[in-house]
Structures are given as structure tokens and as C-alpha cells.
Amino acid sequence: MSDAINSTTARASSAKRHGKPLRATFTSGIVYTLLIIGVLIVVIPLMWAMAASFTPNHKVFEYAYPFTWRALLPVDFTMEAYDNLFARGFGRAIANTFFLAIATVIIGGAVNALAGFAFGRFEFRGKNVLFLTIIMLSFLVPVDLTAIPRYILVNSFGWINTWQGLLIPGLANSLVIFLFRQFFADIPQELIDAARVDGATWLRVLISIILPISKPVLVAAGLLMFISQWNSFFWPLLVAPRQELRVVQVEISLAVGQYGTIWNELLAGSMIAAVVPILLVIPFQRYYVEAITGTGLE
Amino acid sequence: MATVQATAQATGARKVKPNEQKIPLARVLGRWAFMWPILALNLIVIVIPSIAGLGIAFTEWSGYGQPEFIGLANFDRLMQDAVFFKSLSNNIVWTAIFLTIPIFMGLLGAYLLAGIKRGQMIFRVLYFIPFVLASVVNAQVWRFLLHHRVGIGPWLADLGITDILDVALFGKAETALYTVAFVDIWHFWGFLVVIYLAAMSAVDVELYEVARLDGASRFQQFRYVTLPSIRPTIVFTLLMILIWSATVFDYVYILTSGKPAHASEVMGTYLYETAFFRFDAGYAGAIGVVMTLWVALAVGGFVFLRRRGWDV
């Protein structure tokens, strides 16, 4: 829909361009210049950091001070930083993070989808109160505050430095429940009734009828959960400091204090951590954006 | 066709029947079966910690052993705590910064993007990238770029521009908070561009046609068509910023941890430090209560204005 509108606007502005060619070209020149400045603001810092991650550590200083263009392109290309990083067990951290994020998407996806389905399709006493309570508490009470009792609770289960401790508190995601609820509530009743009349159970309806048409919401929810787990730092740092359980973000943040600052290694770790969400967002951005705009902006 | 009608009849019949009492218990439990995993999880992750978190504010507690109820004593202590007031005022400064600069950048970016036909998608993806990167990653990139010995500063110094970026921005009391805010804005503004762009794309094109016929300039079109049309979205983002500014934690914690001498301390970092380094969970709870009050006031004010008929 937005494309249609854009093309209309575009048509209108190209019509205008025929009327006043010089001024319109000038205006669109300014527009593109400003937009490209915006891109440079985003891209140059990331490129600079990437170049440094492929540069021998002592040269990182050399090129930057005084500055030469070499700071933006890795001329003394080396994998030194990456090699050192993996020699110190960064590969383990990557594997841990992937495992955690995928487990979160699968288990969390199932749990949140079931809840979203119940909230979206069932009528039962106390449904709205329950929904509001969950949504309100998770948005109102700051995470920093709930982290204290959550930590104590998880500790009392003996889950410190365990996979359960890392995984389970990250499963319930109010935004994702919200997303599923919206989507399931919009499915036409006839579709469900037809199957129910044939005697299908709700679980069967969910699996054979709802699931196949839910691709957009599944992609969006999966993306949200994967990226937020991949990026999560505070909870893993708190609950699983043990080396074997460290995730990428914790490993990077600890590297700052632990080894002085070895810039190229620090940035190499950061680049690895950055590549995953970037690769996911480029093809799936539409779903991600629709998810965020669709939930909050009713 | 017949099936559809039959289905419609079945639906109709079901809706008329007062069937809530007639559902067998097994089916009620069946429906709840969809809920119990999330209920159990929410109980552990959200409900119990929220209530407990607010509750410990009224206790003296190290985080281990038995909490001792002390009424409002923690709040008395807060009122005399200069560090707390420093953090609170930093949160207020933070709010003021985020309610203005990123909103302006987001509106400008979205407005420029809405007007182009070529490459809109590519720009949108690029602007969005910092938002999906981890706070740890963005923080390290900028810790590097703004480091007085390796980043942008030495380059400028080499060009003769000194004393601006070739100093330890994160380490100086006057600049620490603003530098962290800068990094957070760099990460956040693309999100606003995308949100505002989506809202602007939904504006009725005819409104612009009419405005143009009336001889409205580009700026007037923006002021009298675009802005009023996307107002609900703007208000929503203002509310989100108001909430996030109360609870801001990660960029401050990673980049400065509130240093130097609490100059960049915010309530979130002060709470964390109090609970997990000084083992004063009760007092940390009191800080958390203040944060919760802030958020509740923002949301409550929003709901109140809406109920009063404000078109927000």
C-alpha cells in the first residue's frame, strides 16, 4: 500500500519537475544529499570499526594518529584479531549464543503463540484482566528492578550458571504475545468453524489451519525473539558468568576490562556480533518493521 | 457455497446459545492448557519479580536471608541522597535530549525519504541497522571512535581542530552523559525514521493535492498536512521515549557505569550498583519504585488525556 502512495507522490513530483525542471532538480539534489549524509553517519563508524578489526593492533594507532585514509580500509589486512579471539574461545561463545537464540525462538515461539491464540480467540472469564496485567507489568515495572527478585528466584532454583537460568526467563515476551494475539484475532471465524464442525481439536486447528497462514507473524516474532536474545547482555552477565556459558555480548564486554583494551580484538568480536542481526534484517526488514509499527501504533 | 452457509449458520447458532455454562469442564481446562505455559513463565519472569521488586523497597535487605520490614525508611534515605538526585536529574536531562533531537532527526529523515522514489528501501534498511545491533556492539564501536588516541579526535587534531574530540569524552564529568546520549541517539534515530515513514506513507495523498491546489509550500504541507496526520504516531513515540528515559540503563552502564564521580549516573545504573555491588537490595528497590512511578505517571497521564477527549 505504501508503494502505491509513494508512486503517486512520485508521479506528482515528476509532473512538477516538467513544469519547473531546474528548481525541482535542485530540490531533489538537496534531498538526496541529506539522505546520503544520513547514510554516512550510520555507515562510516561501522566501516571504521570493521577496518580496525582487520588491522594489526599496533597499526590501529598508527593510522589514526595522525589520520590517514588507511584507517577506513584495512590495507595491512590481517586476521590476527579474529585468530586470537577464536583461540581464546570466542567460537564457544558464538555457538552458545546461536543455541540460546534458536532455543528461544522455538520454545518461546510455541509458548507465546499458544498464549496469543488463547487471548485472541477464546472467551473466558478474566481474560482481559489477565492480558492487561501481563502487558502492563512487563511494560511498567523497569527490567532493572525486576532483575533483583528474578535473580534471587532463579538462584533459589539453583539455576545460576545453567542453561535453564539463561533460557527460561527470556521465553515469555509480551511484545510477541501481543503480536500473535493481533494476528490470530483477525483470522476469519469461518475458517476455524469449518474445521471445528468436522470435529478437529483446537490443537489440530492451530497446527493444520492457522499455522500455514501465519507466515508473516511467525517470521516477525521469530526475528524479534532471535535478535533480542542474540543481543541480550545484562541477564546473561548476571546469571551465567561461567566461561563455558558465556554468550557473545558478555564475552565482548568482559574483554574491555580483562585484557586492557586490545582494540582490534574488541572490534573483531563486535563485528561478528553485528553481522548476524544485519544479515537477518536486510531480507526480513519488512516483517520486522510491520511487527513494531503494527503492535504499538494502534 | 452450501458449506459456507452451513458454517455461517453453525456460527450463528453457537453465538446465540448461552453456552458458557454448558462447556464441559474438560474443555474449559483444555482451553486453559493453551495458557498455562505462559502463565507459569509470566509468574516467574514478570509477576512475582514485579511485585517482589516493589515490595523489597519497604525492607532492609542485603539480597540474602530474611528481609526486614522498615516502612518508608528507604524513601527517607532517598530524599537525602545527593547521588540519587544527581541520577534523577540526569534522567530528566536525558528525557529532554531524547524528546527533541531524535524526534527532529526522525521526522526529517522520514520526510525526506517519503518524497523520493529511487532507493527508499535501501536508505530505510541502512538507517535501521544501528537499531538492531546490540548495545554492547554499538558501545564498543563508539568507545573506539571517540577514544582520544585512536578515533575521530586525533584526526581532527591533525587537521588543527583540537580540544573538541581529542579528549576523553566518556571520562570527563562535563561531557560523559552527553556523549553516552549521543551514542544512544545514533543507535535509536533510525527506528524513528522507519516508524514515522510508515505513518507518513499512510497519509491520504488527496490531502496533499488539496494543499498544493491551495498554494501551500513544501513546508506548509509538512506543517499542516503531514504533522497533524501522523500525530498519534508522534505522541506514541513521545510516550515511549518518556518511559525509556526513566529506565535507561545499558548504554550508560556499558560506556561509563555512571562515572566519573556519578556525573553520568542514571537511576538504572544506580539501582544496579546498589543491588549487585553494594548488596543493598531494599534501597535499590526504593530507586526502582521511583522509576516505576515515573513510568506509571507517563502512561497514566496519557490515558487520562485521552479519556478527557484529547486527540492524542
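The value obtained for region B:100-153, namely the Cα convex hull volume divided by the number of residues, is 113 Å³ per residue.
Mind giving me the FRET efficiency for B:Arg77 and B:Thr100? R0 is 30 Å, r the Cβ-Cβ distance, nearest 0.05 is fine.
0.35
When the charge dipole of chain A is built from unit charges on Cβ atoms (+1 for Lys and Arg, -1 for Asp and Glu) and taken about the Cα centre, the candidate among A:Phe117, A:Thr25, A:Leu137 whose Cα reaches farthest toward its positive end is A:Thr25. The apolar share of the surface of region B:167-312, taken as the fraction of accessible area on carbon and sulfur atoms (1.4 Å probe, ligands and nucleic acids excluded), comes to 64 percent.
Legend: mean number of C-beta atoms from other chains within 10 angstrom of residue C-beta atoms, peptide B:117-126, equals 5. Ordered by solvent-accessible area of protein heavy atoms (1.4 Å probe), largest first, the residues A:Ser138, B:Ser201, A:Ser228 come out as A:Ser228, A:Ser138, B:Ser201. Our helix-only sum for chain A, with -39,500 (n - 2.57) per DSSP H run of n ≥ 4 divided by its residues, gives a mean residue ellipticity at 222 nm of -23500 deg cm²/dmol.
Each of the peptides B:96-104, B:210-218 was scored by the mean count of other Cβ atoms within 10 Å over its residues; in descending order, highest first, they stand as B:96-104, B:210-218. Here A:Lys215 sits with roughly 120 square angstrom of accessible surface, probe radius 1.4 Å. Among A:Gly89, A:Ala274, A:Ala255, pick out the residue whose Cα is farthest towards the positive end of the charge dipole of chain A, where Lys and Arg carry +1 and Asp and Glu carry -1 on C-beta, about the Cα centre. Result: A:Ala274, furthest along the dipole toward the positive end. Here the sum of -39500 (n - 2.57) over DSSP H runs of 4 or more residues, divided by the residues of chain B, equals -21500 deg cm²/dmol at 222 nm, to the nearest 500.
Shielding by partners for peptide B:258-271, expressed as the average number of C-beta atoms from other protein chains within 10 Å of each residue's C-beta, is 1.
For chain B, the spread of Cα coordinates along the three principal axes comes to 82, 70, 37 Å, biggest extent given first.
Test of understanding: in a Gaussian network model of chain A with alpha carbons linked when under 10 Å, which of A:Asn231, A:Asn173, A:Asn155 would top the mean-square fluctuation ranking? Maximum fluctuation in the GNM of chain A, among the listed residues, is at A:Asn155. To the nearest 10, the accessible area of A:Ser28 is 30 Å² with a 1.4 Å probe. Taking a span of 27 Å or more along the helix axis (Cα atoms) and a mean Kyte-Doolittle hydropathy of at least -0.5 as the rule, the DSSP H helices of chain B that qualify are B:82-114, B:176-201, B:281-307. Accessible area per residue for the protein assembly as shown is 46 Å², calculated with a 1.4 Å probe on protein heavy atoms, without ligands, DNA or RNA.
Enclosing the Cα atoms of the protein assembly as shown in their convex hull gives a volume equal to 199 cubic angstrom per residue.
Per-residue Cβ counts within 10 Å, from other chains only, averaged over B:48-57: what number is that? Across the residues of B:48-57, the mean count of other-chain Cβ atoms within 10 Å is 6.
When the accessible area of chain A is computed with all protein chains present and a 1.4 Å probe, what percentage of it is carbon and sulfur? Display every interim value, and only then the final one.
On the way: 9060 of 13410 Å².
C and S atoms contribute 68 percent here.
Mind telling me which of A:Ala240, A:Ala51, A:Ala200 comes out most flexible in a GNM of chain A, alpha-carbon contacts under 10 Å? The residue that fluctuates most here is A:Ala200.
A 1.4 Å probe over all protein chains sorts B:Tyr224, A:Tyr287 by accessible area into B:Tyr224, A:Tyr287, starting with the largest.
Based on C-alpha pairs under 8 angstrom that are at least 6 apart in sequence, chain A has a relative contact order of 27 percent. Of all the options A:Thr25, A:Thr104, A:Thr261, the one that moves most in a Gaussian network model of chain A with Cα springs shorter than 10 angstrom is A:Thr25.
Buried accessible surface for the B/A chain pair comes to about 9100 Å², total over both chains, computed with a 1.4 Å probe.
The values are calculated or read from the model by the stated rules, or taken from the named source; none is laboratory data. What you see is a predicted model, and the numbers here were worked out from it, not measured in a lab. Please note: Cβ atoms are built from the backbone with ideal geometry, for glycine as well, and neighbour counts cover all protein chains shown. These accessible areas exclude ligands, DNA and RNA; they are computed on the full protein's heavy atoms, side chains included. Shrake-Rupley method; radii C 1.70, N 1.55, O 1.52, S 1.80 Å.
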